[in-house]
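Written below as structure tokens is the structure these notes are about.
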Amino acid sequence: MARIGLLTGGGDCPGLNAVIRAVVRKGINAHSHDLVGFRHGWAGVLANEAVELTHATTSGILHRGGTILGTSRTNPYGEEGGEARAIASLEERGIDALIPIGGEDTLGVARRLADAGVNVVGVPKTIDNDLAGTDFTFGFQTAVQIATDAIDRLHTTAESHNRVIVVEVMGRHAGWIAAYCGLAGGADVVLVPERPFDIEEVCDRLRRRHATGRTFSIVVVAEGATRSDADVQTQDGGTDAFGHVRLGGIAVELEHEIERRTGFETRMTILGHVQRGGTPNAYDRVLGTRFGVAAIDAATAGNFGVMTALRGTDIELVPLDVALKAPKLLDASLFETAEVFFG
Ligand code: F6P
């Protein structure tokens, strides 16, 4: 029996509650642990704000989006004495091991705390699916389905009006969501961060398509995609605690440039946080549950400094270092498959 802390950090993601429920259920039933949930990611650790997690407080949450614990992009290493304060909170609450559920930033903090002697087992989370060491993160499949549903809807209105519609999806470093929903939704062009694009080439593809009798087109663009002759599009508002700028707006530019260069009437839609909200699909509930069970088992076995990972169809543990070395970029072969259907 031990006292295990949990937290959810960074952007929220469908499936977080499935992980929390699984950790708590297995932790209590199989290992007789006490479970403590820190509120709002690392902010709750710094402020020592936490709640006891029990069967009662975690029932009925499997299908719910968001996170019952709340989340934030707080970075203890960006604050004066942050590491010492975090460790002091954990000691005060008698935490034997901590399970942070998050992406590169949250797990980056976890790794530094592990170096400072804290027992951590990470769980990878991001709709962007760009964490190394795992084939998929939970939340990604739900986001892809939401984006695909949106493309299906945009298709019919694009067709009715003979328009080009540009759909902007999330994907800061990697074009996983763009490639998957582009393939599933039958996009005519997909633009991803891994491949800076030439705007005139994009217009040429659309011109060729429209020259063969097609009167509408769908262009999917990841928020982190860039023109080969320009920088990434950002919004005003500076950076977050981990130094990330706020992306978004490449679709606005594409709408303008495509219409100006080709003469085709063009509209854009930015899907934004719709992709992160709402109920997780079955795949993400199952993956989140499997990660949660594996994380609490690893913590019970004293297997620390690791992250749960999906490898093929198996759940494994990988060192946090493996996950944090570099973002997992889009498979070239997947993009090439999407490209077959361009133009
Ligand atoms: O979680 C990653 C992500 O979805 C990125 O694709 C996006 O740039 C970012 O979150 C936006 O998050 P927020 O607006 O919540 O800070």
>> Scan the stretch 293-316 and tell me whether some residue there is buried (at least 22 other Cβ atoms within 10 Å of the Cβ) and among the basic types (Lys, Arg).
In response: no
>> Checking the condition assigned to a loop (DSSP other than H, G, I, E, B) and either over 30 Å from residue 144 (Cβ atoms) or touching a strand residue (DSSP E or B) at 6+ places or on another chain (Cβ under 9 Å) (or both), which residue from 60, 70, 44 passes?
In response: 70
>> Give all pairs with beta carbons closer than 8 Å in which a residue from the stretch 52-73 that is under 18 Å from residue 4 (Cα atoms) meets a residue that is assigned to a loop (DSSP other than H, G, I, E, B) and among the β-branched types (Val, Ile, Thr); count only pairs at least 6 apart in sequence or on separate chains.
In response: 57/68; 58/68; 68/61
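Quick one: how many residues across the stretch 263-319 are acidic (Asp, Glu), touching a strand residue (DSSP E or B) at 6+ places or on another chain (Cβ under 6 Å) and over 17 Å from residue 14 (Cα atoms)?
Number satisfying all stated conditions: 1.
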> Of all residues in the stretch 317-334, which are crowded, with 19+ Cβ neighbours inside 10 Å, out of contact with any Lys or Arg (no Cβ under 7 Å at 6 or more places or on another chain) and either in a helix (DSSP H, G or I) or small (Gly, Ala, Ser) (or both)?
Replying inline: 323
> Just one of 213, 171 is buried (at least 24 other Cβ atoms within 10 Å of the Cβ), on the phi > 0 side of the Ramachandran plot and of a type outside the set (Val, Ile, Thr); which is it?
Replying inline: 171
> Would the stretch 80-92 turn up any residue that is closer than 28 Å to residue 172 by Cα and within 15 Å of the ligand (Cβ to nearest atom)?
Replying inline: no
> Can you name the number of the only condition in (1) touching a residue at least 60 places away in the same chain (Cβ under 8 Å); (2) in the same structural domain as residue 204 (by TED's automatic domain parsing) that residue 243 fails?
Replying inline: (1)
>> Out of everything in the stretch 239-286 that is among the acidic types (Asp, Glu) and assigned to a loop (DSSP other than H, G, I, E, B), what residue ends up being farthest from the ligand (Cβ to nearest atom)?
In response: 265
> Pick from the stretch 216-231 the residues that are assigned to a loop (DSSP other than H, G, I, E, B) and within 11 Å of the ligand (Cβ to nearest atom): which of them is surrounded by the fewest Cβ atoms within 10 Å (Cβ to Cβ)?
Replying inline: 224
> Is it true that some residue in the stretch 287-299 is within 20 Å of the chain's Cα centre (by Cα), of a type in the set (Phe, Trp, Tyr) and either within 14 Å of the ligand (Cβ to nearest atom) or over 21 Å from residue 126 (Cα atoms) (or both)?
Replying inline: no
> Which fully enclosed strands (runs of 3 or more DSSP E) of the stretch 112-214 have 3 or more residues being within 16 Å of the ligand (Cβ to nearest atom)?
Replying inline: 121-124, 164-169
>> Please go through the stretch 93-111 and give me each residue that is among the charged types (D, E, K, R) and either within 16 Å of the ligand (Cβ to nearest atom) or touching a Gly at 6+ places or on another chain (Cβ under 6 Å) (or both), ordered by number.
In response: 104, 105
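The values are calculated or read from the model by the stated rules, or taken from the named source; none is laboratory data. Given the structure is predicted, the values throughout are model-derived calculations rather than measurements. In this analysis, Cβ positions are derived from the backbone assuming ideal geometry, glycine residues included, and neighbour counts consider all displayed protein chains.
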